[in-house]
Amino acid sequence: MKLDLQLYRGYVNEGELIVFGHVFKSWAPDKYQVDRKGFKHAFSVLHMFRISPLKDVEVRLKFKNLDITTLTMQDGYFRFTVPFTDSLESGWHKYEVSCKPEEATYGIVEKADLLKPFESELSIISDIDDTFLISHSGNLFKKLYVMLARNVNKRKTFEDVVKHYDALSNSGHKAEGQSNSFFYVSSSEWNLYDFIVQFTKLQRLPKAVIKLKDIKTGISDFLTTGGGDHDHKFVKIKDIISFYPKQQYVLLGDDSQQDAFIYERICKTFPKNIRAVYLRQTRRSKKVKVQEALSKMERLQVATCYFKKSNQAISHSKEVGIIKN
């Protein structure tokens, strides 16, 4: 039996470390190239959703003095949440995970990065689709067409969004290599992780911990990608803030789905942690219910900006002191 292992970027605080990934029979979604052209690209995207996760496979984590094993879950997903109190410099660090089921011909070893945040006043949590990546989430057929017809090199960000994110990343930091921490939380599935990593690298967006939705395992699932229940986003954002409770956060999203209402719940749950909320307007007119949600956040002393173009968001960030340099 062949197997494959996909790791995701992890993170650590002063007392705990979290890393996670999937184990698959045969190929993982990241083995299908996202820069192919024409029909080859479409086939690659579809193949990302034709994968076979492996349950109850033993996986082994090695990082510094840690050497720990766990088992994959029903969908092939594994997560190490372990005590970690060793001294560790801020920044990105490599960790290693390996596995070799008894029935496998060969074992496999992979490495990925984990983040120890720099000391900073802010961390940033951003949605992906229609927040910085033009995706047409409000139109299912257009969204699927874009995914199948345009490879990673043809996909685009909104104008000035990279400029805004870069300013948010560097705000408050003068030392070389230091930055505010970024987290990308989306309703896209883990199948699209490698596409997101490659896209953010190509566009020179800040390197981030990425948290996505449960993996899909069939072509029929592709038709509903990014849809369904969005409550997982609330849970994942809540987990991040709970993991770094002393931080202030900027939340970025859009009005195409449920971001406004998820962020409203987050502000109510963490009334002292949210500095500002930014929502991109994706239609010609602003949505009344979104404006109502933002008004409730403002009652909690959260700065809000409902914007059409990113230069408006940049101006707002400067006005409220979020972008300082």
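The values are calculated or read from the model by the stated rules, or taken from the named source; none is laboratory data. Computed from a predicted model, the values in this text were never measured in an experiment. Here the Cβ positions follow ideal geometry from the backbone for every residue, glycine too, while neighbour counts run over all protein chains shown. Surface areas here come from the heavy atoms of the whole protein model, side chains and all, with no ligands, DNA or RNA. Shrake-Rupley method; radii C 1.70, N 1.55, O 1.52, S 1.80 Å.
Side notes on the structure shown:
- Rounded tilt (10° steps) of 193-202 against the dominant C-alpha axis of the chain: 50
- Dipole check for the range 84-235: with +1 at the C-beta of Lys and Arg, -1 at the C-beta of Asp and Glu, and the Cα centre as origin, the magnitude is about 640 Debye.
- Taking every C-alpha pair closer than 8 Å and separated by at least 6 residues, the mean separation divided by the residue count of the range 278-325 gives a relative contact order of 41 percent.
- Label point 7 Å beyond Cα of Lys324 along Cβ direction - residues of the range 153-189 with amide nitrogen under 15 Å: 167-176, 178-181
- Computed [θ] at 222 nm, helices only, for the chain once each DSSP H run of length n ≥ 4 contributes -39500 (n - 2.57): -8000 deg cm²/dmol
- Candidates Tyr249, Tyr193, Tyr106, ranked by Gaussian network fluctuation over the chain, Cα under 10 Å, top entry: Tyr106
- Peptides 139-149, 204-214 ordered by packing proxy, namely the average of other Cβ atoms within 10 Å per residue, highest first: 204-214, 139-149.
- Between 0 and 90°, nearest 10: helix 288-298 axis offset from the chain longest Cα axis: 80
- Computed accessible area, Ser242, all protein chains, 1.4 angstrom probe, square angstrom: 70
- Couplings 3J(HN,Hα) of the range 132-148, computed from phi: 10, 9, 5, 10, 6, 4, x, 10, 4, 5, 5, 4, 5, 4, 4, 4, 7 Hz, in residue order, whole Hz [Karplus 6.51 cos²θ - 1.76 cosθ + 1.60, θ = phi - 60°; x for Gly and Pro].
- Rounded to 5, the percent of DSSP beta bridges in the chain classed as antiparallel: 55
- Applying 0.36 nm per residue to the separation of Ser315 and Lys238 and subtracting their alpha-carbon distance, the gain on full extension is 24.9 nm.
- Working ranking of peptides 266-273, 277-284, 294-301 by packing, defined as the average number of other Cβ atoms within 10 Å per residue, highest first, is 277-284, 266-273, 294-301.
- Cα-centred dipole magnitude for the chain, charges only on beta-carbon of K, R (+1) and D, E (-1), debye, nearest 20: 1180
- Relative contact order of the range 78-192: 26 percent, from C-alpha pairs under 8 Å at least 6 residues apart in sequence.
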